[in-house]
Amino acid sequence: MQETLYAERYRPQFHFTAARGWLNDPNGLVYYDGEYHLFFQHNPDSVEWGNMTWGHAVSPDLVHWRQLPNALLPDEMGTMFSGSAVVDWENTAGFQTGAHRTLAALYTAAGNYSPESQGKPFTQCLAYSNDRGRTWTKYADNPVLPHIRSENRDPKVVWHAGTQRWIMALYLDGRDFAFYASPDLKTWGHLHDMTVRDCDECPDFFEMPVEGGAGERRWVWTAANGRYLVGRFDGRRFTPEAEHGPDPQTGEYTAHRSDWGANFYAVQTYSDIPPTDARRIQVAWMARGAYPDMPFNQQMGFPCELTLHRTPKGFRLRRRPAREIARLRDATVTRADVLLSDGETALAESADSLWRIAAVLEPRGARAVGLRVAGQEIGYDVASQQLTCLGRAAPCELVDGRLALEALVDRTSIEVFANAGRVSLSSCYLPADLASRVAAYASAGAARLVSLEASTLRSIW
Ligand code: FRU
């Protein structure tokens, strides 16, 4: 079977998958010394969830991935649940031995999820690597954060320059999350808890510039489902903007929705992207897609760049595919100013269903407009201002009477981004046929395709 690995029918061709076995959350996203590390929740022994292990892959460009040996294996404290990684530039933990900076990973030991960890609780643990992430040592005095309650988990760590210490965002239980602080990654003090409506698991926490904000910055907190809060952080307390509440009765905050697709979960952003680049890159697990009869199960979303914008309704994130997708560009069809009469206008075709499409549509008098690709529809209903794809809908206003779409189509997924990343829908599907075509359509009236760029993409494998 070795020779067919990565060439299977339902193997995503430019989204990361494990060679074999189950995959879920992206973990430990960190950039160091020319490599983007992608650790991931992995079951190396089965295509079903379980036996959680940190799988590992590296990439020079966020596009091409090489899977390395597993990084963290289950032990007597538990199986290896989600967490994060950072570069310990100042050697705060004192682990550094050679010329390379230490990479430190904070993860959850999920007690009671294996025979060896019977009766043990969920705790937060530390591991480190002094060889660019190739080998990992678990800290001898684990756990660094003892059990708090229930299945508390998913530590995400970020350096806070103002107070010269590490901050951990942690999931507790229900809709409850917490913040902790540490000078050295080994000892953690509690800052405060926070309750967020409709949110659980995998918090992330990071600072971002406000676009066009003349140096203005805010902190962004996200939950597993990508919903987010924007606010201020003084090193002790995260204070969301007034637009998020809190609810006077319950004290809960209300987060903004990010993606509206069916398969978008466990988002995490990269740590330590160099200041010369300074992008905030987020990766999602495209949770619960179907991959029948494949030696692997589940895929990651394509890495996306987040930017923060002040709008009349408050702060909003935009999310767009990392520009490195252009490295995979193969043949490109471009069209400009095409009148779309009622019905379908064929535009491009390919023997595989790997596309990056950028289209600007002007609905004019039509009731609906959109694209058809790989047998699926990316639709826009003018009256209800809804963008739809694979059975899901997102509210989406036209900008100056236009809808700008960017779509990444792989063998088993479609990610749609509208109006420069203001709205996105990430969903999985199964193609009936690998050969595919791209068409635009208008219904109940004529519309205009202002521009189109449809590129077939090369496989990363
Ligand atoms: C999210 C999650 C995390 C947990 C991990 C276990 O998908 O449930 O909360 O750490 O998956 O695989």
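Points worth noting:
- Some residue of region 406-415 being under 21 Å from M300 (Cα atoms), surrounded by 15 or more Cβ atoms within 10 Å (Cβ to Cβ) and among the basic types (K, R): yes
- Residue in region 441-459 that is part of a loop (DSSP other than H, G, I, E, B) and polar (S, T, N, Q) present: yes
- Elements of type strands (runs of 3 or more DSSP E) contained in region 243-311, each with 3 or more residues being more than 25 Å from L170 (Cα to Cα): 304-311
- Cβ-Cβ distances below 8 Å connect the following pairs, each with a first residue in region 139-155 that is in the same structural domain as A224 (by TED's automatic domain parsing) and part of a loop (DSSP other than H, G, I, E, B), a second residue that is aromatic (F, W, Y) and away from the ligand (no atom under 15 Å from the Cβ), and a separation of six or more residues or different chains: Y139/Y128; V144/W188.
- Residues that are part of a helix (DSSP H, G or I) and charged (D, E, K, R), drawn from region 318-352: R323, E324, R327
- Residues (within 25 Å of L434 (Cα to Cα) and surrounded by fewer than 22 Cβ atoms within 10 Å (Cβ to Cβ)) located in region 358-392: A358, R372, G375, Q376, E377, G379, T388, L390, G391, R392
- Within region 91-123, the only residue that satisfies the criterion of being over 20 Å from F206 (Cα atoms), of a type in the set (S, T, N, Q) and in contact (Cβ under 8 Å) with a residue 60 or more places away in the chain is S114.
- Of all residue pairs spaced 6 or more apart or on separate chains, those with beta-carbon atoms under 9 Å, a first member in region 75-90 that is closer than 18 Å to G34 by Cα and a second member that is within 16 Å of the ligand (Cβ to nearest atom) and of a type in the set (S, T, N, Q) are A85/N27.
- Region 124-183, residues that are touching a His at 6+ places or on another chain (Cβ under 7 Å) and closer than 25 Å to P69 by Cα: N130, D131, R132, G133
- Subset of region 72-100 [closer than 14 Å to Y139 by Cβ and among the small types (G, A, S)]: G83, A85, A93, G94
- Test result for T269, among the β-branched types (V, I, T) and not assigned by TED's automatic domain parsing to the domain that holds C396: yes
- Of D173, D184, D200, all but one fail to be within 16 Å of the ligand (Cβ to nearest atom) and buried (at least 17 other Cβ atoms within 10 Å of the Cβ); the exception is D200.
So that you can scan it fast, the table gives a plain yes or no per residue for (1) more than 16 Å from the ligand (Cβ to nearest atom); (2) crowded, with 19+ Cβ neighbours inside 10 Å:
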{"residue": "G98", "(1), (2)": "yes, no"}
{"residue": "R101", "(1), (2)": "yes, yes"}
{"residue": "A104", "(1), (2)": "yes, yes"}
{"residue": "A109", "(1), (2)": "no, yes"}
{"residue": "Y113", "(1), (2)": "no, yes"}
{"residue": "P121", "(1), (2)": "no, yes"}
{"residue": "A127", "(1), (2)": "no, yes"}
{"residue": "R132", "(1), (2)": "yes, no"}
{"residue": "W136", "(1), (2)": "yes, yes"}
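- Out of P44, P60, P69, one residue alone is modelled with pLDDT of 95 or more and within 16 Å of the ligand (Cβ to nearest atom). It is P44.
- Residues (over 22 Å from W221 (Cβ atoms), aliphatic (A, V, I, L, M) and surrounded by 16 or more Cβ atoms within 10 Å (Cβ to Cβ)) located in region 287-321: M294
- Here R237 clears all of (1) away from the ligand (no atom under 16 Å from the Cβ); (2) under 21 Å from the mean Cα position of the chain (by Cα) except the condition numbered (2).
- So G55, is it more than 25 Å from L457 (Cβ to Cβ) and not β-branched (V, I, T): no
- Yes/no for K156 being within 22 Å of S59 (Cβ to Cβ), modelled with pLDDT of 95 or more and of a type in the set (D, E, K, R): yes
- For region 407-428, the tally of residues that are of a type in the set (A, V, I, L, M) and part of a loop (DSSP other than H, G, I, E, B) stands at 1.
- Top-ranked residue in region 246-285 [being closer than 19 Å to V63 by Cα and among the aliphatic types (A, V, I, L, M); ranked as surrounded by the fewest Cβ atoms within 10 Å (Cβ to Cβ)]: A278
The values are calculated or read from the model by the stated rules, or taken from the named source; none is laboratory data. No experiment lies behind these values; they were computed from the predicted model shown. Cβ atoms come from the backbone with ideal geometry, glycine included; neighbour counts cover every protein chain shown.
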